[in-house]
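Just so you know, all these numbers are worked out from the coordinates, no wet-lab data involved. The structure presented is a predicted model; accordingly, all values stated were derived computationally and were not measured. Cβ placement follows ideal geometry from the backbone for every residue including glycine, while neighbour counts extend to all protein chains displayed.
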Amino acid sequence: MARPRPPFRRSPDIHGGQPVFADTTVPLQALLDGLKRGDGVARLLETYPELSEAQVRAVLAWAVEELIARERLPIGPPQASLLPRVKDGVITNTGELRADQVTGRKAVCPACGRLVFQSWPEGWDSHVEHRCAGVTATDAEERKAEFKRRYGYLFR
């Protein structure tokens, strides 16, 4: 069975090696620019009569896939457990819970697991700024920013 030919080609002697549609000299970027301007399929076919509707629709599909891949939804907080695990009155799985499950309660630091906060999140900033082994940044403000980036969902 013959392998299907890719719809785009690159050649150093055509548009400096930019991808062009197979069997044409129409750069892929030209269609993408048209899409950015709001040109529809009919307008693109009018502008580039050497392209087939299938080629234009292939670029549309590719552009949508690229946009989706680039604009993924951010991953939510890890939810390994729905219930707090408590040992000697201290929540031990702080990083797996929601803010409403840990706020105001005794909880271990979600980053290092060493310090017990008597009432989460009171004192988190001082701990993270100076002693927390669970953050990698060296500057105090960067350490706090890293902690907030990783565990911001634990703050109300």
Inset, instruction - Please find, in a Gaussian network model of the chain (springs between Cα atoms separated by less than 10 Å), the residue of 121, 84, 49 whose mean-square fluctuation is greatest. - result: 49
Legend entry - In degrees, nearest ten, helix 53-70 long axis to first principal axis of the chain (Cα): 10 degrees
Legend entry - Relative contact order (percent, whole number), the stretch 8-70, Cα cutoff 8 Å, 6+ residue spacing: 21 percent
Legend entry - Global form of the stretch 8-70, assessed from the alpha-carbon gyration tensor, a/c cut-off 1.5: oblate
Inset, instruction - Return the sequence-ordered ³J(HN,Hα) values of the stretch 141-152 in whole Hz as given by the Karplus equation 6.51 cos²θ - 1.76 cosθ + 1.60 applied to θ = phi - 60°, using x for Gly and Pro. - result: 5, 5, 4, 5, 5, 4, 4, 5, 5, 7, 10, x
Inset, instruction - Treat the chain as a sphere of radius equal to its Kirkwood radius over Cα pairs and apply Stokes-Einstein at 25 °C in a medium of 0.890 mPa s; give the translational diffusion coefficient in µm²/s, rounded to a whole number. - result: 121 µm²/s
Legend entry - Amide H within-cut-off set for residue 112, under 5 Å, with H built and near neighbours excluded: 134
Inset, instruction - With just the Cα atoms of the stretch 86-154, tell me how far they stretch along each of the three principal axes, in Å, largest first. - result: 33, 20, 17
Inset, instruction - Calculate, for residue 156 and residue 71, the FRET efficiency according to 1/(1 + (r/R0)^6) with r their C-beta to C-beta distance and R0 22 Å; round to the nearest 0.05. - result: 0.20
